[in-house]
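Have a look at the structure below before the remarks.
The values are calculated or read from the model by the stated rules, or taken from the named source; none is laboratory data. Here the structure is a predicted model, which means the values were calculated and not measured. Cβ: placed from backbone, ideal geometry, glycine included. Neighbour counts: every protein chain shown.
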C-alpha cells in the first residue's frame, strides 16, 4: 500500500487519546503492544496514529516467526477490527489515499504548546470528517490485506488461536459486507 517506514512518519505531529505519538517508534521497537493498543484505539475510536502503526506492525508481522507473535499483538489488531463498523468501510467520504493523511493540513504543528487550545476547537486539526473517516478506512484495508498472514499464523500456532479465530471471523465478516 505504502512504502513508509517508521522513521519518515511524523509521529510528533500525530495524535493519540493521550497526546502526541512521539513515543510510538520506541514502543514499536520494544514491542509494547498493550501500550500501543491504548494509543490507537480508545472507547471505539481510532486516532491519527492508528493506520500508521498498523502499517509498520503488519509489515513486521509478515516476516516474523510464528513463535514471536504474542497474544498482546493479536489483541491490538482485534481492538482495531472491533472499532471498524460497516459505516467506516466505505471510501466515499474520506481522503483518497493514505498518504494524504500526512498532508500538513491534517498534521498538528510541531510545537505542542497550544495542544490544549487545538483540542478545544470544534474540529481539531486532522479530525475533519474526510481525515477521520480515513483513519478507519485505511486501517480496515490494512487489516483486510493481512488476512493471509493471520491465517498462516493461525495454522501454525496454538497459543493465540482463539483470538486469531475471532479476528479472522470479524475481518471476513467485514469483507463480506464490503464486497
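Before moving on, here are some points about what is shown:
- A single entry from 118, 100 fulfils the requirement of being surrounded by 12 or more Cβ atoms within 10 Å (Cβ to Cβ), at pLDDT 95 or above and assigned to a helix (DSSP H, G or I): 100.
- Contacts under 8 angstrom Cβ, first residue in the range 32-47 being in contact (Cβ under 8 Å) with a residue 40 or more places away in the chain, partner assigned to a loop (DSSP other than H, G, I, E, B), 6 or more apart: 33/70; 40/47; 40/49; 41/47; 46/84; 47/14; 47/17
- The residue that is nearest to residue 110 (Cα to Cα), counting only those in the range 12-22 that are free of Cβ contacts under 8 Å to residues at least 40 places away in the same chain and touching a strand residue (DSSP E or B) at 6+ places or on another chain (Cβ under 9 Å), is 21.
- In the set (1) within 21 Å of residue 35 (Cα to Cα); (2) surrounded by 19 or more Cβ atoms within 10 Å (Cβ to Cβ); (3) in contact with a strand residue (DSSP E or B) (Cβ under 9 Å, 6 or more places away or on another chain), residue 108 fails one condition alone, (1).
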